[in-house]
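Each remark here refers to the structure printed beneath this line.
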Amino acid sequence: MALHNLNLLPYFLLPLISLLSNHIPPAQALTAPSDISALKAFKASIKASSIPPWSCLASWDFTTDPCALPRRTHFTCGLTCSPDSTRVTQITLDPAAYSGTLTPLISQLTQLSTLDLSENSFSGPIPSSISSLSKLQSLTLRSNSFSGSLPPSITNLKSLESLDISHNFLSGFLPNAMNSLPNLRRLDLSFNKLAGSLPKLPPNLLELALKRNSLSGSVPKSAFTGLTQLEVVELSENSFSGTLQSWFFLLPSLQQVDLANNSLTGVETPKPAGNGGGGLVAVDLGFNRIEGYPPVNFAGYPVLSSLSLRYNRLRGRIPLEYGRKKSLKRLYLDGNFLIGQPPTGLVTGDVSGSLGDNCLQVCPASSNLCLPSQKPNAICKQAYGGGKGKGKPRS
């Protein structure tokens, strides 16, 4: 039926025909002007030559409204808007090797809950104005080239639940007010150049990762006080020193500990208590300077399945309790000065790992645990003051 023959159509269809026969007016802008200007500044701070034509940022064409739907040709990816299409709530860039800086005007995106720029080539400082993002729950800047210090103002992000700035070039100290992040559950600042000691940590932390930095001093009790939910502690490849004290292993939710490749000289291992230590699954204290005897109390942790004390300065005999521990599946004691012979349960069971490079007098060649071979006798005699030495394990 021809559209011009309107007198043959039912009256209720006339409005529809009017729409079909006229041009639909262009959509009005929906996104808040402050958000649009922030997005423009964000893109302008990235080198145009680093924006591939197939990438998310290449589709950010400001001739159209960023939040207007449908986004078929412009703003096809990289951002998410609120249900009413007025505010930007997430920026999640693709790993396209974008290079540039993070604009301080990011602070205008006050409804932002997620900022993820991971696996690109951003550089320069993290702007202190980021503290204005009061709704931010997840900040992920992993695997870039950000430098400078972690801005103290970041501790104003009270809604933050996850902070990952690992694999960058951050330097300086951790902010003293880290414990003022009440909702932070996951903190990963590994593979940076952070120095100094550990401040008091956020109270509701589940996972702490600060691997391969230049942190030093003792592992202070004050930093961990009240962390009843902490499950994972990854502090390897730093310069922590002194004795790892007994309170550490009694953190009530602790499951995984990695303090390998530090300068620890001692470790106190209490028996697991009713309110702490019972969930400990894996401990790595390898490549430190720990002296004394292998801690027998580790055998008392009911679900401990992996223990590494390799390449320390341990002496004496391997505790018989290690051989009786049914949950133990991986044991690395190589590179110490242990004597005697390993417990039968270790060499005949299904435990993997190594007891090699010690001073064991008997270690069956049929057991893979006995590889590599033991130290030369001359080194062992020197370690024990010229004699074979006898020692009993202690906690």
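From the P(r) of the chain, can you give the percent of Cα pairs sitting at distances over 39 Å?
On the way: 31241 of 77815 pairs.
Summing the P(r) tail past 39 Å for the chain gives 40 percent.
So what's Rg/Rh here for the range 182-233, counting alpha carbon atoms and using the Kirkwood radius for Rh?
Result for the range 182-233 is an Rg/Rh of 0.94.
From Cα pairs below 8 angstrom and at least 6 apart in sequence, can you work out the relative contact order of the range 92-174, rounded to a whole percent?
Values: 200 pairs, mean separation 23.3, N = 83.
Answer for the range 92-174 is 28 percent.
List the relative contact order of the chain as a percent without decimals, with contacts defined as Cα pairs under 8 Å and 6+ residues apart.
Normalised by residue count, the contact order of the chain is 7 percent.
Among Leu157, Leu331, His74, which residue has its Cα furthest toward the positive end of the charge dipole of the chain, with +1 on Lys/Arg Cβ and -1 on Asp/Glu Cβ?
Checked the options; the winner is Leu331.
What whole number of Å gives the distance from the Cα centroid of the range 163-200 to the Cα centroid of the range 333-365?
39 Å
Not counting ligands, DNA or RNA, and with a 1.4 Å probe, what is Arg313's accessible surface area in Å² rounded to the nearest 10?
Using a 1.4 Å probe on the heavy atoms, I get roughly 110 Å².
Express the C-alpha Rg of the range 261-354 as a ratio against the empirical globular expectation 2.2 N^0.38 Å, rounded to two decimals.
Compactness ratio reported: 1.01.
Using alpha carbons only, how many degrees (0 to 90, rounded to 10) separate the axis of helix 33-44 from the longest principal axis of the chain?
Result, in degrees: 60.
What figure in square angstrom, to the nearest 10, would you give for the accessible area of Ser222 with a 1.4 Å probe?
Solvent-accessible area, nearest 10 Å²: 70 Å².
Please name whichever of Asn120, Pro53, Ala273 sits farthest to the positive end of the charge dipole of the chain, dipole taken about the Cα centre and charges placed at Cβ: Lys and Arg +1, Asp and Glu -1.
Final value for the positive-end residue is Ala273.
Which value at 222 nm does the chain reach when only helices count, each DSSP H run of 4 or more adding -39,500 (n - 2.57), with the total divided by all residues and rounded to the nearest 500 deg cm²/dmol?
Details: 7 runs with 45 residues, N = 395.
Result for the chain, helices only: -2500 deg cm²/dmol.
Hey, got the Cα dimensions of the range 220-262 along the principal axes, in Å, largest first?
Reported extents, whole Å, longest axis first: 26, 18, 15.
Can you pull the accessible area of Thr348 for me, 1.4 Å probe, Å² to the nearest 10?
Accessible surface of Thr348 is approximately 100 Å².
What are the extents of the Cα atoms of the range 30-113 along their three principal axes, in Å, largest first?
Principal extents (largest minus smallest coordinate, Cα): 33, 29, 22 Å.
List the equivalent ellipsoid semi-axes of the range 148-282 in whole Å, largest first, each obtained as the square root of 5λ for an eigenvalue λ of the Cα gyration tensor.
So the equivalent ellipsoid measures 23, 18, 12 Å along its semi-axes.
Per residue, how many Å² of accessible area does the chain show with a 1.4 Å probe? Present the calculation step by step, with values, prior to reporting the outcome.
Working: 18320 Å² over 395 residues.
That works out to 46 Å² per residue.
Measuring from centroid to centroid over Cα atoms, what is the spacing of the range 100-130 and the range 217-245 in Å?
The range 100-130 and the range 217-245 have Cα centres spaced 30 Å from each other.
Using only alpha carbon pairs under 8 Å that are at least six residues apart, calculate the relative contact order of the range 30-113 and give it in whole percent.
Numbers: 124 pairs, mean separation 32.9, N = 84.
Contact order relative to length: 39 percent.
Rounded to the nearest 20 debye, what is the charge dipole size of the chain about its Cα centre when +1 sits on each Lys and Arg Cβ and -1 on each Asp and Glu Cβ?
Dipole magnitude for the chain comes out near 1560 debye.
Between Asn275 and Ser222, what's the calculated FRET efficiency when r is the beta-carbon distance and R0 is 25 Å? Round to 0.05.
0.80
For Thr80 and Ser149, what does the FRET efficiency come to when R0 = 22 Å and r is the distance between their Cβ atoms, rounded to the nearest 0.05?
Details: r = 30 Å, r/R0 = 1.37.
About 0.15, to the nearest 0.05.
For Ile126, what residues show an amide H to amide H distance below 5 Å, using hydrogens built from the backbone and excluding near sequence neighbours?
Ser147
Could you look at the range 144-183 and say what percent of its accessible area is carbon and sulfur, using a 1.4 Å probe and all protein chains?
Taking all protein chains in place, the range 144-183 shows 53 percent carbon and sulfur surface.
The values are calculated or read from the model by the stated rules, or taken from the named source; none is laboratory data. Because the structure is a prediction, the values reported are computed rather than measured. Neighbour counts run over all protein chains shown; Cβ positions are idealised from the backbone, glycine included. Areas reflect the complete protein model, heavy atoms only, side chains present, ligands, DNA and RNA absent. Shrake-Rupley method; radii C 1.70, N 1.55, O 1.52, S 1.80 Å.
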